[in-house]
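**Student:** Starting off with a structure, shown below.
The values are calculated or read from the model by the stated rules, or taken from the named source; none is laboratory data. The structure displayed is predicted, hence computed values, not measured ones. Note: ideal-geometry Cβ built from the backbone for every residue, glycine included; neighbour counts use all protein chains shown.
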Amino acid sequence: MSQHPIAKDFGEEITTLERVLQVLREEENVDVLIDTILNYLESELNYQLIWVGLYDRLDHRLFGKGGITPDGDTSFLKQKFILNPGDLLEQVVIQLRPVNVPNLQEETRAGEWRKLAINCNIQSTILFPIRYKDRCFGVV
């Protein structure tokens, strides 16, 4: 019997995911880990904006480590973002759960991200915590 193209694509996706997970388990260099995450998300998802920020527990802020934008300018993505009570990024960090935002352009709790969404014509987004057990390490 011949394999269906869908089964082959699924097998390739699983193999790619296995490689990514192995790097995430074994690599100790944070920059390599972030590049691995960004490359995987960019290749597997059709998102115009992908961002990775690492959480600083002492100062309660996120350090932007990079990502992709529709216009290729990633300077905004490398900023420090102070977490304020009630904003979306703080919600993700504190609750350790993803947040789905139907329209980032209209979300008042998005802070500077709202402006970026308007400028880049980004509408919906998902904010996902990077966590281990009950500890947050960052946000994608």
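**Student:** For region 56-102, how many residues are part of a loop (DSSP other than H, G, I, E, B) and either surrounded by 11 or more Cβ atoms within 10 Å (Cβ to Cβ) or not aliphatic (A, V, I, L, M) (or both)?
**Tutor:** Residues that pass the stated criteria total 20.
**Student:** Do we have residue 19 as surrounded by 11 or more Cβ atoms within 10 Å (Cβ to Cβ) and in the same structural domain as residue 126 (by TED's automatic domain parsing) here?
**Tutor:** Criteria not met by residue 19.
**Student:** Sticking with this one: State yes or no: is residue 115 among the charged types (D, E, K, R) and either in contact with a helix residue (DSSP H, G or I) (Cβ under 6 Å, 6 or more places away or on another chain) or crowded, with 19+ Cβ neighbours inside 10 Å (or both)?
**Tutor:** Judged against the criteria, residue 115 is not a match.
**Student:** If we scan region 85-96, do we find a residue that is over 15 Å from residue 127 (Cα atoms), aliphatic (A, V, I, L, M) and assigned by TED's automatic domain parsing to the domain that holds residue 116?
**Tutor:** No, region 85-96 contains no residue that is over 15 Å from residue 127 (Cα atoms), aliphatic (A, V, I, L, M) and assigned by TED's automatic domain parsing to the domain that holds residue 116.
This table checks each residue for (1) under 11 Å from the mean Cα position of the chain (by Cα); (2) farther than 27 Å from residue 101 by Cα; (3) at pLDDT below 90.
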| site | (1), (2), (3) |
| --- | --- |
| 12 | no, yes, yes |
| 29 | no, yes, no |
| 36 | no, no, no |
| 45 | no, no, yes |
| 49 | yes, no, no |
